[in-house]
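Notes to accompany the following structure.
The values are calculated or read from the model by the stated rules, or taken from the named source; none is laboratory data. Only a predicted model underlies this, so the values are computations on that prediction, with no experimental measurement involved. Reconstructed Cβ throughout: ideal geometry from the backbone, glycine too, with neighbour counts over all protein chains shown. Keep in mind that these areas ignore ligands, DNA and RNA; they rest on the heavy atoms of the full protein, side chains included. Shrake-Rupley method; radii C 1.70, N 1.55, O 1.52, S 1.80 Å.
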Amino acid sequence: HLNNRLRTGKLVRDGEDRKPVICIEGNIASGKTTCLEYFSKTSNIEVLTEPISKWRNVRGHNPLALMYEDPARWGLTLQTYIQLTVLDHHLSKITAPVRMMERSLYSAKYIFVENLYKSGKMPEVDYAVLTEWFEWIINNISIPIDLIVYLQTSPQKCFDRLKQRCREEEKVIPLEYLETLHHMYEDWLINHSSFKVPAPVLVIPADHDLQKMLHQFEENREKIFTVPR
Ligand code: DCP
């Protein structure tokens with residue numbers, strides 16, 4: 001989709017039209033998919049959910065399961081592939097007046113890759129290679145994001161939901177893993193104490209039951225869709 005260099009020198013999407021892009025961020029099982037589904041049913045927007053099916057099956061392999069089995073061996077494999085599939089989403093042509101997507105290239109790096117490295121589960125050379133890739137991408141390709149909607153949860157709530165949904169690969173996830181990811185999200189999007197935040201952040205408390213969550217999404221509709229560009 002890339003055929004063009006703008007004045008910034010960065011590659012841009014083919015037929016770049018600068019429609020608003022909203023990224024839904026939050027811990028594992030924070031309810032991102034529910035949020036995307038709600039807005040896809042009630043508005044004229046394009047919704048891109050995470051390509052998790054690809055992460056579970058790339059030419060017959062399951063890098064997501066491998067990563068949970070042995071993060072030190074397979075973390076790089078999974079995260080390289082995630083970076084590719086998420087970049088592909090960022091660069092695909094927007095098919096409605098607004099795009100809403102699950103997570104972003106930024107959280108893949110600033111939360112998941114950083115966590116693997118900082119927790120001693122990713123060798124330094126793997127981290128260095130992923131970081132070189134990430135920095136090349138953000139320095140050379142335009143990845144516009146206009147708003148981050150942060151579904152703010154407690155790690156315990158995510159843990160409960162994780163148990164309920166019972167995804168095979170995720171059975172090994174302990175509460176501590178969700179606590180670490182939570183603190184990394186908070187440092188990034190709330191405390192502004194880790195990495196650059198690429199867009200304004202709207203926080204939605206997301207520990208509530210489904211009915212209350214849908215109500216809150218509706219209450220925030222105006223704020224979400226009148227995002228300035
Ligand atoms: N994952 C990962 N590294 C990333 C992104 C995701 O290891 N860079 C893993 C974490 C989960 C799985 O992929 O095991 C899916 O994660 P998400 O939280 O993105 O998707 P959910 O389905 O959990 O989101 P939600 O329940 O909020 O809809």
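Data overview
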read-out	value
Rounded accessible area per residue of the stretch 132-229, 1.4 Å, Å²	56 Å²
DSSP beta bridges in the chain [antiparallel fraction, %, rounded to 5]	20 percent
Value in Å of the Kirkwood radius, where the stretch 67-201 supplies the Cα pairs that are averaged	16.1 Å
Accessible surface of the stretch 1-142 [probe 1.4 Å, protein heavy atoms]: carbon and sulfur percent	53 percent
The chain: relative contact order in percent, alpha carbon pairs under 8 Å with at least 6 residues between	29 percent
Of LYS93/LYS163; LYS196/LYS223; LYS19/LYS54; LYS93/LYS212, those spanning more than 31 Å from alpha-carbon to alpha-carbon	LYS93/LYS163; LYS93/LYS212
Spin-label pair ARG221/HIS61, simplified geometry with 7 Å Cα→Cβ offset, distance in nm	4.5 nm
Value at 222 nm in deg cm²/dmol, rounded to 500, when DSSP H runs of n ≥ 4 in the chain each add -39,500 (n - 2.57)	-13500 deg cm²/dmol
The stretch 18-109: trypsin sites (Lys or Arg not before Pro) in DSSP loop, at most 14 other beta carbons within 10 Å	ARG18, ARG59, LYS93
Alpha-carbon centroids, the stretch 34-77 and the stretch 168-225: separation in whole Å	17 Å
Rg/Rh for the chain, where both radii come from Cα atoms and Rh is the Kirkwood radius	0.94
For the stretch 57-180, with +1 on Lys and Arg beta carbons and -1 on Asp and Glu, the positive-most of TRP74, VAL58, ALA96 along the dipole	ALA96
Per residue value of the accessible surface for the stretch 15-101 (all protein chains in place, 1.4 Å probe), Å²	43 Å²
Prolate/oblate/rounded call for the stretch 143-229, Cα gyration tensor, a/c under 1.5 rounded	oblate
Value of D in µm² per second that Stokes-Einstein yields for the stretch 21-140, Kirkwood Rh from Cα pairs, at 20 °C (1.002 mPa s)	141 µm²/s
Estimated Rh, the stretch 49-120: Kirkwood, alpha-carbon pairs, angstrom	13.0 Å
Inverse of mean 1/r across different Cα pairs in the stretch 186-229, Kirkwood, Å	12.2 Å
